[in-house]
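The values are calculated or read from the model by the stated rules, or taken from the named source; none is laboratory data. Everything numeric here is computed off the predicted structure, so don't read it as measured data. Cβ coordinates were reconstructed from backbone atoms using ideal geometry, including for glycine residues, and neighbour counts include every protein chain displayed. The area values use the complete protein model at the heavy-atom level, side chains included, leaving out ligands, DNA and RNA. Shrake-Rupley method; radii C 1.70, N 1.55, O 1.52, S 1.80 Å.
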Amino acid sequence: MKFRGFREATVLIALAAILAISEGIYFRDKISWQSPIPASELVTVDQARAWGDGAIWVDARPDEEFAQDHVPGALSLNEDRWNELLPQFLPNWSPEKRVVVYCSAESCNAARDVAKRLRDEAQIKDVFVLQGGWEEWLKKK
Amino acid sequence: MKTSILTLTLSSFFCVAARAELKWEQNTIELHPGIGDKQAVAHFKYENVGKTPVHFKSVKASCGCTTTQTQKELVNPGEKGEIVATFNIGDRIGQQMKTVTVQTDDPVPAQATTVLTLKADIPQALELKPNFVYWQSGEEPKPKKISIKAAKEFPAKNITVKSNNPNFEAKVKARAAGEWTIEVTPKDTSRVMIAPLTIETDYPKGAPKSFNATAQITNPPGAAPALRPSPAAPPAPATTSTPAAISSPAAGGQR
């Protein structure tokens, strides 16, 4: 009787394992992975705030969200209108400034993409992504 | 009368598994929009291969740049349909990956949530590296270079460059077919100023495209940004706020 329960548990675990492995094989090409942002490119709200005037805040969210509310002093720079907004951002930048880019939340990719373009295309250094984005900034407001 | 745990678990599993299933033709769609395309549209087709109706609980795109359209909320057994995901390209370039998360009332967790992926490879007509060159105030006015490369799909033969600020001189040198170098030299770096550079191509014939880069003399370290137009200003079209703060319509991209 004692062994019966053990046997049943083993069968259930084996079945679960078979199902999990089958699903893993079936969906192997269907899972999207994105490498995490390196820690050196991330900044917390507290750290970014401590930079004071030495930081330029960049809002990578769509125009409508920026229009609703944004970090005071932030500049809008999103990929919907990148070619139009970048020239508005550049006059505010100088080499000693750090750039803090944010989007809606931890899960959004817009800040990461905008930060990458600033580094790659404009070759601007010291560009950081705000951890937790706008949501986190609101929490610590 | 004793019912084993195994029998109970297996029977409840098979009852649930046989209930409903939405089968997707493709979970990932790769799109190859052309230069200048505004949208990339993916059609994710499905069929209810189960025995009971499936309800869509939610269909959410990963970014505001993607909109989704479902034809129906209820899919009866044997019924087919599609979810249309429209990715608004905007000024994006390169590899883009957007997801659409579909949630149904299917009781099997693995089948209740499906992540559909839209991949788009957006060509960049003219690659400018970098699209921004700068000198710090007082720095020696040495020339700086912008490397330009045309995409295969954008067979421009020649380009010309125009500096919109007389303090900056810009010259084009051809390197190879579809490749050029622009050399930008400021006459004077003592004052903070900005120069939009307009790069004109000869393609396509009849309506050739132009692109923009920016050259700038930045303020010395520690100084307040002299060119700052309006920090919290909403994204309005570029305007000139000071004689030096000339804004260009685009930088490194198509107009």
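Determine the residues within the stretch A:47-94 where the difference in accessible area between the chain on its own and the full set of protein chains amounts to at least 50 Å²; count protein heavy atoms only and use a 1.4 Å probe.
By number: A:79, A:80, A:83, A:87, A:88, A:90, A:91, A:92, A:93.
Counting heavy atoms of the protein chains only and a 1.4 Å probe, report the per residue accessible area for the stretch B:126-218 as a whole number of Å².
Value returned for the stretch B:126-218: 48 Å² of accessible area per residue.
What residue among A:88, A:131, A:68 shows peak mean-square fluctuation when chain A is described by a Gaussian network model with Cα springs under 10 Å?
Looking only at A:88, A:131, A:68, the biggest GNM fluctuation is shown by A:68.
For q values of 0.10, 0.26 Å⁻¹, compute log₁₀ I(q)/I(0) with the Debye formula on a Cα-only model of the stretch B:126-218, without solvent.
-0.26, -1.30
Determine the total buried accessible area between chain A and chain B, counting protein heavy atoms only with a 1.4 Å probe; round to the nearest 100 Å².
3900
Tell me, what are the semi-axes, in whole angstrom and largest first, of the equivalent ellipsoid of chain A as set by the roots of 5 times the Cα gyration tensor eigenvalues?
45, 17, 14
In peptide A:119-132, what is the residue-averaged number of other protein chain Cβ atoms found within 10 Å of each Cβ?
Across the residues of A:119-132, the mean count of other-chain Cβ atoms within 10 Å is 3.
May I ask you to order B:69-76, A:102-109 by the average number of other C-beta atoms within 10 Å around their residues, highest value first?
A:102-109, B:69-76
Over all Cα pairs of the stretch B:22-122, how is the pair count split among 10 Å bins, expressed in % and running from 0 up to the last occupied bin?
15, 48, 25, 10, 1
Taking H as built 1.01 Å from N, whose amide H comes closer than 5 Å to the amide H of residue B:134, not counting residues under 5 places away?
It is B:216, by chain and number.
How well do other chains shield peptide B:130-137, expressed as the mean number of their Cβ atoms within 10 Å of each residue Cβ?
Mean shielding count: 5.
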